[in-house]
């Protein structure tokens with residue numbers, strides 16, 4: 001297959017943001033208050049700063065009030081505990097997000113556990129992770145939920161399909177598997193990781209291959225079955241002297257070698273990335289509606 005279809009996450013995410021804008025306009029008329037999202041960023045990781053900037057832009061675009069807490073890397077755990085507890089009780093804040101990664105002296109899981117599950121719009125609190133696994137209504141982790149939305153809007157059925165996920169992180173791999181094994185998705189799921197033996201033989205069984213391991217261009221053509229759908233979650237900045245900045249973004253999939261074998265594929269950038277932010281906005285609106293119900 002020499003002409004795969006590129007899955008355009010930018011177009012789909014803009015459609016979702018447009019739908020949310022209309023909904024927020026109506027809800028603000030009812031509740032006399034906009035939805036509020038608080039984002040906590042500790043330190044000055046450039047990737048995290050850029051991502052927080054995109055979240056703020058999306059909030060402004062659709063009518064969500066953005067509360068930003070840009071804190072120095074030296075911020076103590078107790079200061080963050082106090083801030084999160086304060087935000088939990090703030091009626092103007094409906095969603096709370098702690099940007100990962102946090103500096104090494106902080107216990108990230110402890111801080112995530114402190115966020116009120118009703119305001120956990122990232123879907124990382126153990127209560128929401130547990131509800132997701134049980135198939136109950138909850139805040140879904142934004143990146144895997146964004147992938148589910150891309151598959152749905154491109155009419156890529158998961159019913160009875162073999163989905164292979166490369167990567168077992170709490171942010172993507174595990175919640176992705178939890179979504180795909182629910183009865184509405186009905187996929188057969190295999191998770192590969194660093195200890196998987198003969199990974200190529202496993203990934204070649206995939207009708208849908210989802211890659212989230214943080215290794216630039218790791219998945220090459222020999223890992224992919226002819227006609228597979230390939231979803232690349234990776235965002236890696238590599239050196240490239242031909243660009244103005246001297247670097248460029250690539251995924252975990254070697255796009256040039258894999259694309260000719262795939263039926264549909266997400267590019268990097270412009271694939272999964274924009275969907276993560278769109279679903280964060282969707283979770284924030286959900287939290288806002290639940291707060292007022």
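The values are calculated or read from the model by the stated rules, or taken from the named source; none is laboratory data. Computed from a predicted model, the values in this text were never measured in an experiment. FYI the Cβ positions are ideal-geometry reconstructions off the backbone, even for glycines, and counts take in every protein chain you see.
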### Selection within region 49-81 - farther than 15 Å from residue 111 by Cβ and in contact (Cβ under 8 Å) with a residue 40 or more places away in the chain
51, 52, 54, 55, 58, 59, 61, 62, 63, 64
### Query
Looking at (1) surrounded by fewer than 20 Cβ atoms within 10 Å (Cβ to Cβ); (2) touching a residue at least 60 places away in the same chain (Cβ under 8 Å); (3) part of a strand (DSSP E or B), can you tell me which one residue 118 breaks?
(3)
### Query
Among 57, 49, which is outside the structural domain of residue 171 (by TED's automatic domain parsing) and at pLDDT below 95?
49
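Go through region 269-293 and give me each residue that's assigned to a loop (DSSP other than H, G, I, E, B) and buried (at least 23 other Cβ atoms within 10 Å of the Cβ). Spell out how you get there, then give the answer.
Of region 269-293, the ones assigned to a loop (DSSP other than H, G, I, E, B) are 269-272, 293.
Selection gives 271, 272.
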### Summary
Of the listed residues (110, 132, 136), the one being within 17 Å of residue 177 (Cα to Cα), surrounded by fewer than 16 Cβ atoms within 10 Å (Cβ to Cβ) and at pLDDT 95 or above is 136
### Task
Answer yes or no: is there a residue in region 121-133 that is at negative phi, assigned to a loop (DSSP other than H, G, I, E, B) and either free of Cβ contacts under 8 Å to residues at least 60 places away in the same chain or out of contact with any helix residue (DSSP H, G or I) (no Cβ under 9 Å at 6 or more places or on another chain) (or both).
yes
### Message
Any residue at all in region 82-94 that's surrounded by 15 or more Cβ atoms within 10 Å (Cβ to Cβ), in a loop (DSSP other than H, G, I, E, B) and touching a strand residue (DSSP E or B) at 6+ places or on another chain (Cβ under 9 Å)?
### Response
yes
### Query
What number of residues in region 12-48 are over 28 Å from residue 111 (Cβ atoms), more than 16 Å from the chain's Cα centre (by Cα) and part of a helix (DSSP H, G or I)?
14
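What residue, among those in region 135-155 that are out of contact with any helix residue (DSSP H, G or I) (no Cβ under 9 Å at 6 or more places or on another chain) and part of a helix (DSSP H, G or I), is farthest from residue 262 (Cα to Cα)? Even if it seems obvious, please write down each step before you answer.
Keep residues of region 135-155 that are out of contact with any helix residue (DSSP H, G or I) (no Cβ under 9 Å at 6 or more places or on another chain), which gives 151-152, 155.
Now restrict to residues that are part of a helix (DSSP H, G or I): 151-152.
Values: 151: 15, 152: 18 Å.
So the residue we want is 152.
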